[in-house]
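K.L.:
Please find one structure pasted underneath; my questions will follow.
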There are 2 protein chains.
Amino acid sequence: MESIKHIPLPERGTKLTEEQAMKLAISEAYKGATRVSPNPLVGSVVLDAQGGFLACGHHEFYGGPHAEVNALKNLSSAELKDAHVFVTLEPCAHEGKTPSCAKMMAKLPLKKVTFGLIDPNPLVAGQGADILRNAGIDAEVFSSADPKEDREIKTLLEEVCEAFLWNFREKKVFVALKMASSLDGQVALRSGESQWITGPESREYVHYLRACYDAILVGKGTIDFDNPSLNVRHPEINKKNKVVVIDGEAELLHRFTDLKLAQIHAASDVFWCVAEDMKENVEKTLKTLSIAPQIIYVKTNVGGDLNLEDLLAQLHLKGLRSVMVEGGAFTASSFIDQGLVNRIYMFQAPIIMGSGGSRSWTETVRVPTMKDKIHVKNPRYLTFGSDFMITGTF
Amino acid sequence: MESIKHIPLPERGTKLTEEQAMKLAISEAYKGATRVSPNPLVGSVVLDAQGGFLACGHHEFYGGPHAEVNALKNLSSAELKDAHVFVTLEPCAHEGKTPSCAKMMAKLPLKKVTFGLIDPNPLVAGQGADILRNAGIDAEVFSSADPKEDREIKTLLEEVCEAFLWNFREKKVFVALKMASSLDGQVALRSGESQWITGPESREYVHYLRACYDAILVGKGTIDFDNPSLNVRHPEINKKNKVVVIDGEAELLHRFTDLKLAQIHAASDVFWCVAEDMKENVEKTLKTLSIAPQIIYVKTNVGGDLNLEDLLAQLHLKGLRSVMVEGGAFTASSFIDQGLVNRIYMFQAPIIMGSGGSRSWTETVRVPTMKDKIHVKNPRYLTFGSDFMITGTF
């Protein structure tokens, strides 16, 4: 989920500019990436009266203390005299699972609080800042005098809590697409063979990404060909993820108990998406299964394939807030084609598979003229071993 | 042509390790990239008796002074007392267009000369080093005690004069392939439209690359659709390149004088490659032209298309030592398919063109199983604006 490189913590007392402090707060926020959903990722940095680094913190897990609390908790009143707190999101005004951060900070001898984004909830937006101002503390939305820095940091601030903002503003599931291709854009041979395109460093990062999203989504072809586990296997992460399978005509459902994913995941964590007109059929099949996944009945398009927008709406009703689509080629293509992808993670290995006998991840996508090409916005590049990865938004 | 980022010159007196000195010499060598062909790129760095940086130089243009001469020319005997000279290639033993570098250095009060590669010519290999040793100067091939650094630097040393080494060892034209694709590996829409995939920063770098090779090679489709100039347009480079066109059935030859490239290039700098059985036809066409390119008659394969190996052999006979293949999709595919590409420059833009209605650059390449995938070796990544470029060898 990181779109910036992690910034190492400065020594205590190191002078930071406001831009450096806010970037550090963003970098801190990402430390919660695998544990805060459906909450936003939030980070906070505290500078002393002279602008020297004092402490930082982040929202560590859902239901846990907010970033500001973690940043401030070990600092004395003397240290906080005229301190400047940076936080990526406006301090909360209301009591939720935790006390109000704005009220907590209002009692401290701070000089200023700079926050990255105003609370996206219009009903409480600005209230956190008002509580601080009423206590005589400056409270301002971040901005930089350097237009390039200003643009870059504001983009990063939106990105760090993009899933949360999308959920809140659109009431929809945030969709990430992860693909691993050759240099020539191929994701599998025509035979279906695809292991392995990328190297171990990329594959480990994919397991980190899996942990950043509520569920992994795949089409039935991937299940049929690879029989994958679709769980998080990362040396530093212990997380149970959910799985979504698209199997419009319920072709694989009768084999559910034989699938590797059924042995690894609780059946209630697996969402099996079928066409709504398959109901009768599916109910018969379910009677034959000793354990069964959750069934999602989805509307179909004119062509008979599942309506992916309805599918996502139903997953939202089931409480999912983000999914990572992992394939195969046809599923990826469909999500892109229907404009439903929020963020892409495109891993590429330095190999050529030849498009003469393989599958691209955009087979059903057609761009009539160059004017219509689809742009990946705010692209960033990272390397993993001899592979590289581009991530960006749509 | 650079596969490493340019290293800024250190202050005089800055202590450098042997590894740093050799990397700096490699970085210097690339400064001659657009002007030394068919000579090798060579760079040199001089450290004083204490290992402090004194000077550097590179082979600047074909026929000009060698790298060592340029590095040493402004240093006094006092400065050179016990100095250590690094040079990417063994100092020449023989007199050619310039006097022997080994003999010149043998007269200096140097302590040691470390060179990257032994002269590839077996008839003179080691002779430069012997001249130095006979004068009481240590002369050694570079090696590093750190295995990773050793491997990396040796790879860079081969890369910096790869075209020269290939020419010398194989008596063949060095072939670079430059492609610009979308993230999904597409290089043009089915209509042929492809302008623009990449941004201005990438395109400027392509003009630099054009200047690094003797000729630009394209297929007839590119000429027909784009009517390109195929010259070097770069703010800092003034170079006349040659052009190679593959037009097996001489379909475009009769329109030669109307083509933009014919107006820009001297006709003698354009090599028009046709099937040898088209000779009669071609000769008739030539009579109708007021200016005509050089005609290269090429053997054909069983399928009727030009035998690219023969084509390259004929270009070698014409004095060309390196070409950069720029397209289109079919031409690129053919060179890859026949294993004739030495280096790839793959630019990718953060856009999706959809493989449903466009062309990949590997359309005729087929990989039967994942074991057979084609590897790009020693891949390196650079970014240009919002695009990125991968370069590597085959």
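The values are calculated or read from the model by the stated rules, or taken from the named source; none is laboratory data. The model shown is predicted, which means the values in this text are computed figures rather than measured ones. Note that we place each Cβ from the backbone using ideal geometry, even for glycine, and neighbour counts take in every protein chain shown.
K.L.:
Could you pull out the residue among B:V206, B:V243 that is away from chain A (no Cβ under 14 Å), within 16 Å of the chain's Cα centre (by Cα), within 30 Å of A:G392 (Cβ to Cβ) and at pLDDT 95 or above?
P.N.:
After applying the criteria, what remains is B:V206.
K.L.:
Looking at B:V206 and the list (1) assigned to a helix (DSSP H, G or I); (2) surrounded by fewer than 16 Cβ atoms within 10 Å (Cβ to Cβ), which single condition is not satisfied?
P.N.:
Unmet condition: (2).
K.L.:
Of all residues in the range A:338-360, which are outside any strand (DSSP E or B) and either over 26 Å from A:G221 (Cβ atoms) or facing chain B (nearest Cβ under 8 Å) (or both)?
P.N.:
A:P350, A:M353, A:G354, A:S355, A:G356, A:G357
K.L.:
In addition: Residues in the range A:179-195 that are facing chain B (nearest Cβ under 8 Å) and either touching a helix residue (DSSP H, G or I) at 6+ places or on another chain (Cβ under 7 Å) or not in a strand (DSSP E or B) (or both): how many?
P.N.:
9
K.L.:
To continue, here is another question. Determine, yes or no, whether A:N121 is modelled with pLDDT of 95 or more and not assigned by TED's automatic domain parsing to the domain that holds A:R343.
P.N.:
Spelling it out, it is not the case that A:N121 is modelled with pLDDT of 95 or more and not assigned by TED's automatic domain parsing to the domain that holds A:R343.
K.L.:
Between a first residue in the range A:89-113 that is surrounded by 20 or more Cβ atoms within 10 Å (Cβ to Cβ) and a second residue that is of a type in the set (F, W, Y), which pairs have beta carbons less than 7 Å apart while being 6 or more apart in sequence or on different chains?
P.N.:
Final answer for the pair search is A:L89/A:F115; A:E90/A:F115; A:P91/A:F115.
K.L.:
Mind checking whether some residue in the range B:46-65 is assigned to a strand (DSSP E or B), touching a His at 6+ places or on another chain (Cβ under 8 Å) and not small (G, A, S)?
P.N.:
So far as the range B:46-65 goes, yes, one or more of its residues are assigned to a strand (DSSP E or B), touching a His at 6+ places or on another chain (Cβ under 8 Å) and not small (G, A, S).
K.L.:
Listed residues A:E170, A:E152; which is without any contact (Cβ under 8 Å) to a residue 12 or more places away in the chain, over 30 Å from A:K112 (Cα atoms) and either of a type outside the set (F, W, Y) or outside the structural domain of A:F271 (by TED's automatic domain parsing) (or both)?
P.N.:
After ruling out the rest, the residue left standing is A:E170.
K.L.:
Given the structure, is A:V36 more than 25 Å from A:T393 (Cβ to Cβ) and among the hydrophobic types (A, V, I, L, M, F, W, C)?
P.N.:
It is false that A:V36 is more than 25 Å from A:T393 (Cβ to Cβ) and among the hydrophobic types (A, V, I, L, M, F, W, C).
K.L.:
Still on this structure, please answer the following. Please find, among B:T369, B:T364, the residue that is over 16 Å from A:L183 (Cα atoms) and of a type in the set (S, T, N, Q).
P.N.:
Answer to the check: B:T369.
K.L.:
OK, next. Starting from residues that are under 11 Å from the mean Cα position of the chain (by Cα) and of a type outside the set (A, V, I, L, M), keep the ones in the range A:147-166 and report whichever is nearest to A:V124 (Cα to Cα).
P.N.:
In this case the residue turns out to be A:F164.
K.L.:
Now, a different point. With B:E363, B:E309 as the choices, which residue is within 28 Å of B:F271 (Cβ to Cβ), among the charged types (D, E, K, R) and at the interface with another protein chain (Cβ under 7 Å from one of its Cβ atoms)?
P.N.:
B:E363
K.L.:
Is it true that some residue in the range B:165-175 is in contact with a helix residue (DSSP H, G or I) (Cβ under 7 Å, 6 or more places away or on another chain) and assigned to a strand (DSSP E or B)?
P.N.:
Yes, the conditions are met somewhere in the range B:165-175.
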